[in-house]
C-alpha cells in the first residue's frame, strides 16, 4: 500500500553503491511530524543527495575512468542528475500545487539509474 514520503525517506539507485535520504523542500505540510514531499522534490544535491559511488557505464565520469583502467569498470563519485519530477506520484493528493510523493514513485537519473524508495520515512508511534 502506498505511503506518503517525508524527510528522511530512504532511497536507493540501481547504479548507486550506497543508500541516500530524501530532503524535501520545506513546506508547511507535515506527515508523521516530518516535512512532506511532493513530486517536485527532485533537485540534485538539494533534494537528492549522492548515492556514494556510481557504477553506471553511461555516466561520463565512470566511462572515462573505466577507459583509463583498460576496460575494468571503475566506479566514480555519484553526482545525481535528475531533471524530471518523480513519477507517478499520488494523483489524488496535492501538496503545494503538485501531486504528493509516495513510496512507489520512481525518479530517473540522466546517467541511467532509477531511484526508488526502500522506506517512506514515516515512523509508527506507540501510544501508552
Percent of alpha-carbon pairs separated by more than 13 Å within the stretch 69-113: 66
Relative contact order computed over the chain (Cα-Cα under 8 Å; 6+ residues apart), in percent: 32
Least to most buried among 32, 87, 20 (fewest other Cβ within 10 Å first): 87, 32, 20
Cα centroid separation - the stretch 1-31 against the stretch 66-128, whole Å: 7
Fully extended contour minus Cα-Cα distance, from residue 17 to residue 104, at 0.36 nm per residue: 29.3 nm
For the chain, built as a Gaussian network whose Cα springs stay under 10 Å, the top-fluctuating residue of 22, 70, 95: 70
24 Å tail of the calculated P(r), the chain, as % of Cα pairs: 31
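Any read-out appearing in this document is the output of simple, stated calculations on the displayed coordinates, not a laboratory observation. Everything quoted here is computed from the prediction, not taken from an experiment. Positions of Cβ are generated from backbone atoms using ideal geometry, with glycine treated the same way; all protein chains shown enter the neighbour counts.
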